[in-house]
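A quick write-up on the structure given underneath.
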Amino acid sequence: MGTTKMKKSTQDIISSLVILFFLITLTAQLGAIPEESSTYPKILMGLSYIMVLIQLVRNIITYKKSEVFETPVKAQLKFLLPYGILIVVYLFLLNKIGYIFDTVLFCVVSLIGLKLKNKAVIVILPIVLTLVIYFVFSLFLSVILPRGSWISLNL
């Protein structure tokens, strides 16, 4: 009850197809990049396609040889569905409360959802990780991260 039978490499094929779909969406956006700066992204995209296609072919070959096993679908859905909703809420709040508050909140809720027991890690890790990423992107890479319209924290 609550389990489904599938071959062991089914998840690998699904993962490869998701990555391939993601690459296709990125390729559709390549036209927006100025021609003089598009060489590097095109090379990366080409190499990414080659690697994903090789992995997909390997997964299909493995699929034909793999065994069938039972997977706990209900247990996986109990985790993945709320986490998917959490990601949607994170993306919605990003422009409302800003990158720093939203990311710290997302990380804390994620760690609690993963049933982490160490309260110090639940508090310190999201703050340190968020600030490091913030400073790397804003100071070194000059990327403007969302500041928030409801709450704003400018560092």
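Values quoted throughout were computed directly from the atomic coordinates according to the rules given, and no laboratory measurement underlies them. Keep in mind the model is a prediction, meaning the values are calculated, not measured. Here Cβ is always computed from backbone atoms with ideal geometry, including for glycine, and neighbour counts include all displayed protein chains.
Between LEU114 and THR27, 0.36 nm times their residue separation minus their Cα-Cα distance comes to what?
On the way: separation 87, 0.36 × 87 = 31.32 nm, distance 3.42 nm.
Value of the extension gain: 27.9 nm.
For the stretch 1-66: lysine pairs with Cα atoms under 27 Å, gap of 8 or more or different chains, count?
Working: LYS5/LYS64; LYS5/LYS65; LYS7/LYS64; LYS7/LYS65; LYS8/LYS64; LYS8/LYS65.
Close lysine pairs under the 27 Å cut-off: 6.
Distance in nm between label sites at VAL121 and VAL57, each 7 Å beyond Cα in the beta-carbon direction?
So the two model labels end up 4.1 nm from each other.
Is there a pair in LYS78/LYS115; LYS74/LYS96; LYS74/LYS115 whose C-alpha atoms are over 23 Å apart, and which pairs would that be?
Pairs exceeding 23 Å: LYS74/LYS96.
What area, in nm² and to one decimal, does the C-alpha convex hull of the stretch 25-93 cast on average over all directions?
With the hull built on Cα positions only, its mean projection is 7.8 nm².
Sort largest first and round to whole Å: the equivalent ellipsoid semi-axes of the stretch 73-155, each the square root of five times a Cα gyration tensor eigenvalue.
Here the semi-axes work out to 25, 16, 11 Å.
Please identify which residues in the stretch 108-149 have an amide N closer than 19 Å to a label point set 7 Å out from the Cα of LYS96, following the Cα→Cβ vector.
Those under the cut-off are 108-110, 146-149.
Averaging the inverse of every distinct alpha carbon separation and then flipping it gives the Kirkwood radius. What is it for the chain, in angstrom units?
It works out to 19.2 Å.
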